[in-house]
Amino acid sequence: MARKLKLRIWRGDSTSGGLKDVTVDVNEGEVVLDVIHRVQAEQMGDLAVRWNCKAGKCGSCSMEINGKPRLACMTQCASFDEDETITITPLRAFPVIKDLVTDVSFNYKKAMEIPAFEPPVGMKPGEPRMEQIDVERSQEFRKCIECFLCQNTCHVIRDHEENKKSFAGPRFFIRIAELDMHPLDILRNRKKTAQEEHGLGLCNITKCCTEVCPEHIRITDNAIIPMKERVVDQKYDPVRWLGSKIRKREGIL
Amino acid sequence: MANGVFSSSRAQISEKTLRTDKWWLQPLITFSVLVSFIIYATFRAFENGNYFVEPLISPFYSPCLSTECVQGASLLGTPFGIIHIFGMTLSPALIILIFPLGFRMTCYYYRKAYYRAFWFSPPACAVAEPKEKYTGETRFPLLFQNAHRWFFYAGLVFNVLLTVDAILAFRNPEKQWGHLSVGTLVLLANATFLWLYSLSCHTCRHTVGGRLRNFSKHPLRYKAWTLVSVLNHKHQNFAWISLFGVAFADFYVRQVATGAFTNFYFF
């Protein structure tokens, strides 16, 4: 049975904007993206919203619902009180284009700055073999759907625009970790560049990225902190540093 | 100039956050508990008394390394003489507390807790922080957080010593073995919680196997990493339980030493 749902939706562009009140029907089992589509169909024909799969797997409908970064297609309307007004805004860490759509190209630029997987010289396609226990760690990171909720909630760039130059963000720390933990990747300077070029030291591990991840990737515990520890191995641990000089290799592999 | 969520290119919203839940509750609780602990620990560290009553010693004062220590409290001898600073006698606790304190201060979990609760950096997720500038852990003094592993190693030594203290508590006041008191259980629980806190530490996880690229080539270390990973999921819980544990163990020993409590012996 349909009931009425009160929404406040941010409308505007990069020059101006504000929250607009709207009341819309909501049926049992519907998610926030459903009611946004109903608003678009019935009341605000020009409402801009980015969406695609409606199944929590494409990462397109990232927005902020009652101030929390979430996927609209995975947020049940039933999770709110009946008399509650739900506030929906675009992601607040990125430049707004129109209404609920933001310009997330920052993330694509950062993705291009990370060197790709580099296999051993001479290894031909189809040759690599890995054991399951070596694959498992990076498989967790491959679940990422690039919704950029972690990037959006990370205060390093959300609250400090100037850090965008020097900070890759949690989504790309899991990419770096995935490659640095890969048994066949031969690029050995990923720790150094993570710290010096991608701003790993700016992260103060407040775990917001982990809290908002819709894929429940343990970004901080399994990627960022292990990378910080690997950086400590190289830069702040004199015993390990000395060992690596004597043994002429990066560390225990 | 407007920065962060108020930058000109972002959606123009005047509120620092639109969260409607009690996002402030968690940092408030963290702040209150940590401040309470700091006040209690400071008082006890400077009290310089009521920390030993045969066979119990407070974890704040173990190992007791100063000639200032009361008789029977020094398990490892007294390499330090009586130290005076500004006319005050330095409590033996102050000689050693830097190690457990440093371990907790640089702990990855506590960093999250106090960055949020004390520095509002950020106070909660998607809640704008008040500071204009942010350099994270790239500069002194926060660069020092990278010393966590050294405090972890020191912490292991302390865990061994506090475990020995717990074992020594299986004696009666006449130093005869084979007795069990409430104090024994308190010190034993304290040592257990501290071991769980240390073994679940992210640095421990990295050291036992996390730094490897090839788990399949190191099956024993992989097994150890797997076990520590299970504990690591609960690191936050162990951090709090062990903090309460150490404070309670000290409180109990103090109450017994002052005569407020009688250390009940089961046998």
- request: Give B:Thr203, B:Thr258 a once-over and let me know the one that is at pLDDT 95 or above, of a type in the set (Ser, Thr, Tyr) and loosely packed, with under 15 Cβ neighbours inside 10 Å.
  value: B:Thr258
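Looking at the stretch B:1-30, which of its residues are within 7 Å of chain A (Cβ to nearest Cβ) and free of Cβ contacts under 8 Å to residues at least 12 places away in the same chain? Break it down stepwise before answering.
Within the stretch B:1-30, the first condition is being within 7 Å of chain A (Cβ to nearest Cβ), and the residues that meet it are B:3-5, B:7, B:9-13, B:17-20.
Within the stretch B:1-30, B:Ser7, B:Ser9, B:Arg10, B:Ala11, B:Gln12, B:Ile13, B:Leu18, B:Thr20 qualify.
Taking the stretch B:234-260, which residues are part of a loop (DSSP other than H, G, I, E, B) and without any contact (Cβ under 8 Å) to a residue 12 or more places away in the chain?
Pass one, the stretch B:234-260, residues part of a loop (DSSP other than H, G, I, E, B): B:234, B:259-260.
B:Gly259, B:Ala260 - these are the residues of the stretch B:234-260 that are part of a loop (DSSP other than H, G, I, E, B) and without any contact (Cβ under 8 Å) to a residue 12 or more places away in the chain.
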message: Residue under question is B:Arg116, and the condition is that it be under 21 Å from B:Thr203 (Cα atoms), at the interface with chain A (Cβ under 9 Å from one of its Cβ atoms) and among the basic types (Lys, Arg); does it hold?
response: no
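Could you list, in sequence order, the residues of the stretch A:145-189 that are free of Cβ contacts under 8 Å to residues at least 24 places away in the same chain and surrounded by 23 or more Cβ atoms within 10 Å (Cβ to Cβ)?
Taking the stretch A:145-189 as the starting set, the residues that turn out to be free of Cβ contacts under 8 Å to residues at least 24 places away in the same chain are A:159-162, A:165, A:189.
Residue satisfying the conditions is A:Asp159 alone.
Mind checking which residues of the stretch B:154-184 are out of contact with any His (no Cβ under 7 Å at 6 or more places or on another chain), of a type outside the set (A, V, I, L, M, F, W, C) and surrounded by 15 or more Cβ atoms within 10 Å (Cβ to Cβ)? Walk me through how you get there before you give the answer.
If we filter the stretch B:154-184 for residues that are out of contact with any His (no Cβ under 7 Å at 6 or more places or on another chain), which is where we start, we get B:154-169, B:173-184.
Now restrict to residues that are of a type outside the set (A, V, I, L, M, F, W, C): B:155, B:159, B:163, B:165, B:173-176, B:178-179, B:181, B:183-184.
Scanning the stretch B:154-184 gives B:Gly155, B:Asn159, B:Thr163, B:Asp165, B:His179, B:Ser181, B:Gly183, B:Thr184.
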- line: Of B:Met105, B:Met88, the only residue that is out of contact with any Asp or Glu (no Cβ under 8 Å at 6 or more places or on another chain) and surrounded by fewer than 16 Cβ atoms within 10 Å (Cβ to Cβ) is B:Met88
- line: Within the stretch B:119-128, restricting to residues that are crowded, with 22+ Cβ neighbours inside 10 Å and facing chain A (nearest Cβ under 7 Å), the one that is farthest from B:Trp240 (Cα to Cα) is B:Ala126
- prompt: Looking at this structure, is B:Ala41 surrounded by 13 or more Cβ atoms within 10 Å (Cβ to Cβ) and assigned to a helix (DSSP H, G or I)?
  reply: yes
Neighbours by Cβ (under 7 Å, 6+ apart or cross-chain): first from the stretch B:38-53, at positive phi and in contact (Cβ under 8 Å) with a residue 12 or more places away in the chain; second buried (at least 19 other Cβ atoms within 10 Å of the Cβ) and of a type in the set (A, V, I, L, M, F, W, C): B:Asn50/B:Ala257
- prompt: Yes or no: B:Leu231 closer than 23 Å to B:Phe46 by Cα and either in a helix (DSSP H, G or I) or within 14 Å of chain A (Cβ to nearest Cβ) (or both)?
  reply: no
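Condition check ((1) within 17 Å of B:Met105 (Cβ to Cβ); (2) of a type in the set (D, E, K, R); (3) in contact with a helix residue (DSSP H, G or I) (Cβ under 8 Å, 6 or more places away or on another chain)) across all residues:
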| site | (1), (2), (3) |
| --- | --- |
| B:Leu142 | yes, no, no |
| B:Leu185 | no, no, no |
| B:Leu199 | no, no, yes |
| B:His202 | yes, no, yes |
| B:Phe215 | no, no, yes |
| B:Pro219 | no, no, no |
| B:Tyr222 | no, no, yes |
- prompt: Quick check: is even one residue across the stretch B:94-107 of a type in the set (Ser, Thr, Tyr) and out of contact with any Phe, Trp or Tyr (no Cβ under 9 Å at 6 or more places or on another chain)?
  reply: no
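Quick one: which of B:Ala113, B:Ala189 is assigned to a helix (DSSP H, G or I), touching a residue at least 24 places away in the same chain (Cβ under 8 Å) and surrounded by fewer than 19 Cβ atoms within 10 Å (Cβ to Cβ)? It would help to see each step written out before you state the result.
Numbers: B:Ala113 fails: surrounded by fewer than 19 Cβ atoms within 10 Å (Cβ to Cβ).
Every option except B:Ala189 fails the conditions.
Which of the following residues is within 21 Å of the chain's Cα centre (by Cα), β-branched (Val, Ile, Thr) and away from chain A (no Cβ under 14 Å): B:Val53, B:Val33?
Every option except B:Val33 fails the conditions.
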task: Give the number of residues within the stretch B:155-177 that are within 20 Å of B:Phe99 (Cα to Cα) and either within 14 Å of another protein chain (Cβ to nearest Cβ) or among the charged types (D, E, K, R) (or both).
output: 1
task: Identify the residue in the stretch A:205-236 that is facing chain B (nearest Cβ under 7 Å) and farther than 20 Å from A:Arg142 by Cα and, among all such residues, is surrounded by the fewest Cβ atoms within 10 Å (Cβ to Cβ).
output: A:Tyr236
statement: Within the stretch A:1-43, of all residues that are in a loop (DSSP other than H, G, I, E, B) and over 18 Å from A:Thr102 (Cβ atoms), the one nearest to the chain's Cα centre (by Cα) is A:Glu30
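The values are calculated or read from the model by the stated rules, or taken from the named source; none is laboratory data. Please read all numbers here as calculations on a predicted model, not as lab measurements. Every residue, glycine among them, receives a Cβ derived from its backbone with ideal geometry; neighbour counts consider all protein chains shown.
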